[in-house]
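Derivation of every value follows stated rules applied to the coordinates shown; laboratory data play no part. Keep in mind that what you see is a predicted model, and the values were worked out from it rather than measured. Here Cβ is always computed from backbone atoms with ideal geometry, including for glycine, and neighbour counts include all displayed protein chains.
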Amino acid sequence: MTSEPYRPRRSVLYVPASNEKALAKIASLACDAVIIDLEDAVAPGAKAAARERLADILAAPGRRCEMVVRINPLSSEWGADDLLAVARAGSDGILLPKIGTPRDVLEAGDLLDDNFASDSVKLWAMIETPKALLNVGAIAELGRDPASRLNCFVAGTNDLVKATGILATPDRRYLMPWLMQLVLAARAGGLDVIDGVANDFRDLGGFARECMEGAAMGFDGKSLIHPSQIEPANRAFAPAPEALAAARAIRDAFARPENAGKGVIAMDGRMVERLHLAAAEKLLAKAAAIRA
Ligand code: COA
Ligand code: MG
């Protein structure tokens with residue numbers, strides 16, 4: 001469960017572990033998190049070499065953002081070696097692809113517990129198979145137990161399209177029910193949840209719209225494939241200036257002496273309750289964390 005202070009995850013950029021040019025760029029990028037990919041972005045023949053490079057990649061100077069590594073599935077020939085190599089190299093998180101059940105997350109946690117004393121490495125999970133979607137509530141529930149290490153969900157929309165046979169449309173209409181279910185489950189488990197990628201990285205107008213939509217759906221951030229997507233994602237998933245002004249007004253109203261004992265007040269003809277005050281304070285804290 002995320003009882004730690006708010007940590008922005010507005011922009012989460014995939015960087016293939018086998019792409020030296022892209023890796024060299026990380027220190028200069030303003031994304032909140034990077035996912036070094038050992039899975040689908042790395043060809044089978046390049047996987048072992050990519051794994052060997054991990055320690056250097058993660059130790060590179062100037063790293064500012066949260067560093068997560070996506071390993072290969074534990075059921076594959078590379079998965080277990082990936083997991084142990086990442087934990088040794090010291091990333092902030094390990095992203096598990098193609099999971100289907102709570103057991104798949106627990107298995108990764110057990111492997112970490114058996115080999116490393118520290119419990120600081122968090123687990124992230126891709127929700128990208130039909131089975132994971134059917135089990136998403138039970139998987140999310142692991143977030144309530146810190147021992148599970150589960151901290152964040154990532155929507156794997158390309159794999160979901162492939163596995164289900166739905167038509168991928170620009171408005172994502174057939175994905176929408178599953179994405180909303182994913183956000184709901186993440187909230188029930190106290191997890192962060194990151195929206196899927198937009199493949200068309202030259203269409204920044206369409207990308208900005210998809211980010212606004214993801215933010216409105218309740219996602220904490222967006223998975224990215226290209227540096228040009230960072231700035232629009234950071235903007236869309238940060239609190240909007242109007243929302244911050246409204247939050248300040250609510251905080252100030254409840255701080256007035258005449259409202260001290262009140263559970264509900266009227267502001268400009270609207271009912272405002274203490275639950276709105278709590279939401280306003282959360283939003284202001286989020287904005288402060290992003291500024292920091
Ligand atoms: N991370 C860091 N840097 C990246 C990057 C990424 N994901 N994608 C591109 N760049 C860099 C390029 O290396 C290039 O650097 P340069 O200015 O030093 O030459 C610059 O950004 C511009 O790149 P561009 O030429 O526009 O794109 P490209 O043709 O080199 O790469 C992709 C396009 C899609 C192959 C590349 O963006 C990519 O591999 N993205 C991640 C894919 C991935 O991880 N998929 C798995 C998860 S869905
Ligand atoms: Mg995938």
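In straight-distance terms, cross-link reach from K131 covers every one of the lysines whose alpha-carbon lies under 23 Å from its own, apart from those fewer than eight places away in the same chain; here that gives K98, K122, K162, K222. Of all DSSP-defined beta bridges confined to the chain, some 10% are antiparallel rather than parallel.
Exposed loop sites here mean trypsin sites (Lys or Arg not before Pro) with a DSSP loop assignment and at most 14 other beta-carbon atoms within 10 Å; the chain contains its longest site-free run at 65-172. Taking I26, I194, I127 as the candidate residues, the one with maximal mean-square fluctuation in a Gaussian network model of the chain, Cα springs under 10 Å, is I26. Comparing mean-square fluctuations of G269, G156, G206 from a GNM of the chain with C-alpha springs under 10 Å, the top value falls on G269. Each 5 Å bin, from zero up to the one with the longest distance, holds this percent of the alpha carbon pairs of the chain: 1, 5, 12, 15, 17, 16, 13, 8, 5, 3, 2, 1, 0, 0.
Along its principal axes, segment 62-154 has C-alpha extents of 39, 30, 27 angstrom, given from the largest down. Of interest is the spacing of the C-alpha centroids, which for segment 156-229 and segment 24-46 amounts to 19 Å. As a calculated quantity, the FRET efficiency between S120 and A249 at R0 = 41 Å, using C-beta atoms, amounts to about 0.55.
Run the numbers for A138 and L184: contour at 0.36 nm per residue of separation, minus the present Cα-Cα distance, in nm. It would help to have the intermediate numbers written out before the result.
Numbers: separation 46, 0.36 × 46 = 16.56 nm, distance 1.20 nm.
Computed gain between A138 and L184 is 15.4 nm.
When the Gaussian network model of the chain links Cα atoms closer than 10 Å, the mean-square fluctuations of P44, P239, P16 top out at P44.
Between D200 and S76, the FRET efficiency from the beta-carbon distance, with R0 = 30 Å, is close to 0.55. How are the alpha carbon pair distances in segment 241-291 distributed across 5 Å bins from zero to the largest one, expressed in percent? That works out to 5, 21, 32, 24, 11, 6, 2, in percent per bin. For the chain, what is the relative contact order in percent, using Cα pairs closer than 8 Å and at least 6 residues apart in sequence? Result for the chain is 17 percent. What the Cα convex hull of segment 80-128 gives, in volume per residue, is 68 Å³. Here the label points at K131 and A279, each 7 Å from Cα along the C-beta direction, are separated by 3.8 nm in the simple model.
When Lys and Arg each count +1 and Asp and Glu each count -1, what net charge do the other residues less than 13 Å away from L284, Cβ to Cβ, add up to?
Numbers: positive: R248, R251, K282, K286, R291; negative: D252, E281.
Cβ neighbours under 13 Å give a net charge of +3.
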